[in-house]
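Right, one structure below, let's go through it.
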Amino acid sequence: MAQAAPVPGGVSRPGHREIGGRAYTGRARPPDVFDARTHRIAHFAVPVVLGLVYGYWVAADARQGGPITGGNLLLGWLSALVFAGVSIALLRLAPRMQRELHALLWSAFAGIAFGFLYIQTPHSVWRTVMMSLLVAGCTFGAFFYRYYTREDAFGRRVH
């Protein structure tokens, strides 16, 4: 029979451990599957890949089914470069800020990126502004909730 061996000191419970003779009931962190090198690479590779997708999307929306031109390619590459650069900068700087400003920076980035993408289609400026504000507002709500429940007032993660 395969049964668990008894532990010294009584019955063990999930999420309950003893560290140095004291009960520790904090949540255990999940195992880290990747090493530090993989995390460093992904920290730059993910924004670059997302930037390339964003640049292609901007260029495709801007040409509106017409022929591919040099200006269209330039718009796509510059959009990808700016998107990747700003997202890398936000990944480095935003976690050092308070949770309100952290959420505000990400929501402004999402609203501006969406607005620039949306203005490439044949919609009015008024509709683009309203849609961008809606996206930024929803993003702010979601990110503020996430940071409010996982950080203290100074931006330090709560375990």
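Among rounded, prolate and oblate, which fits region 47-124 when a ≥ b ≥ c are the square roots of the eigenvalues of its C-alpha gyration tensor, a/c under 1.5 means rounded, and a/b larger than b/c means prolate? Intermediate values should be presented prior to the final figure.
Details: a/c = 4.09, a/b = 1.96, b/c = 2.09.
Oblate shape, in that a/c is at least 1.5 and b/c is the bigger or equal ratio.
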At a 1.4 Å probe, what is the % contribution of carbon and sulfur to the accessible area of region 60-159?
-> 71
Region 67-159: chymotrypsin sites (Phe, Trp or Tyr not before Pro) falling in loop per DSSP and having at most 16 other Cβ within 10 Å | PHE154
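The values are calculated or read from the model by the stated rules, or taken from the named source; none is laboratory data. The model shown is predicted, which means the values in this text are computed figures rather than measured ones. Heads up, the Cβs are rebuilt from the backbone with ideal geometry, glycines too, and the neighbour counts pull from every protein chain shown. What goes into the accessible areas is simple: the full protein's heavy atoms, side chains included, and nothing from ligands, DNA or RNA. Shrake-Rupley method; radii C 1.70, N 1.55, O 1.52, S 1.80 Å.
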